[in-house]
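The structure under discussion appears below in the form of structure tokens.
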Amino acid sequence: MNLISKPKRRKTQEKPFSPEAGYAAISPDPVLPIKSPRSSSTIRRGVFIMLLSGIGLGLLGYAGAKYYEQYREQQAFHQADDANSISAYEQYGRDYPQGIYQAEVRQRIEDLHYFEKAERDGNLSIYLDRYPQGRRAEQVRQRLTELADDQAFATAQRTDTRTAYQDYLRRFPQGRHAHEADDILIRQDDLAFQNAQAFNTVLAYQDYLRHFPQGRHRRTADQALDDRAFQTAQQADSVEAYQDYLHGFPQGRHSDDVRRAIPQKQEDHA
């Protein structure tokens, strides 16, 4: 047995193939090819794009800041408008002395000053004379209507007659006191009919119907008046009395009885 072993052959690591190695293998002159640099136009284009990007970012940042400032000013103006007070508008003027809403703010401050003065003087109509299309014109018109409504109802209460309350309702059918005026008229109607029933006379029912021709108890009063007139004719029991009844109630509930009674009375006196 051969105790001397052969030396092991070392494996060499293969290098990866590259274009340079391939070129060296086939070329007798081991000079590597020189890589061509980028063209100058490509470089200029890249620089130009970078410049444009930088300018664009700068403009974007400037526009963003400008927009944010305008947004803040707009919010400040709306807050002052919601507060609707002179102090709020003046605060906007201090915060934005060159603001785009300065003209509107000055006009609204003047409007408010004039409105407050008219309100203190108790003469809101002068505000409408100065600002017929003002921001508070509709509010002032509503206030003036309410004042006229209150005054008319107060006058009706002082007079406290059916005619006075009816006049109020004609002027203000949807007025602030319309329901109250209706209730008063209903109470007056009921009271007048109760009085007519208490007297239970022709004149009493006629008086009720004269004051309340469309009253709640008109039909009942008509029937009661018819009955009282017939009773009066019966008590008199004369041709003239029956004819008076027919003159007042030609279609009355007792007209047929009266027409039969008249010939009989005439025969009795024949």
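Given a 1.4 Å probe and the protein chains as shown, Glu240 ends up with an accessible area of around 120 Å².
Rounded to the nearest 0.05, what FRET efficiency do Leu147 and Glu116 have when you use their Cβ-Cβ distance and R0 = 22 Å? Kindly include the intermediate steps, with their values, before the conclusion.
Details: r = 17 Å, r/R0 = 0.79.
It comes to 0.80.
Exposure check, 1.4 Å probe, all protein chains in place: Tyr68 carries approximately 130 Å² of accessible surface.
For the stretch 108-263, just say rounded, prolate or oblate: build the C-alpha gyration tensor, square-root its eigenvalues into a ≥ b ≥ c, call rounded for a/c under 1.5, and beyond that prolate if a/b exceeds b/c, oblate if not.
Values: a/c = 5.82, a/b = 4.40, b/c = 1.32.
Prolate, because a/c is 1.5 or more and a/b exceeds b/c.
Run the accessible area of the stretch 125-270 with a 1.4 Å probe and give the carbon-and-sulfur part as a rounded percent. Within the stretch 125-270, the accessible surface is 47 percent carbon and sulfur.
The charge dipole of the stretch 223-263, taken about the Cα centre with unit charges on the Cβ atoms of Lys, Arg (+1) and Asp, Glu (-1), comes to about 80 debye, rounded to the nearest 20.
The values are calculated or read from the model by the stated rules, or taken from the named source; none is laboratory data. Source: prediction; values computed, not measured. We place every Cβ from the backbone using ideal geometry, glycine too, and count neighbours over all the protein chains shown. Areas reflect the complete protein model, heavy atoms only, side chains present, ligands, DNA and RNA absent. Shrake-Rupley method; radii C 1.70, N 1.55, O 1.52, S 1.80 Å.
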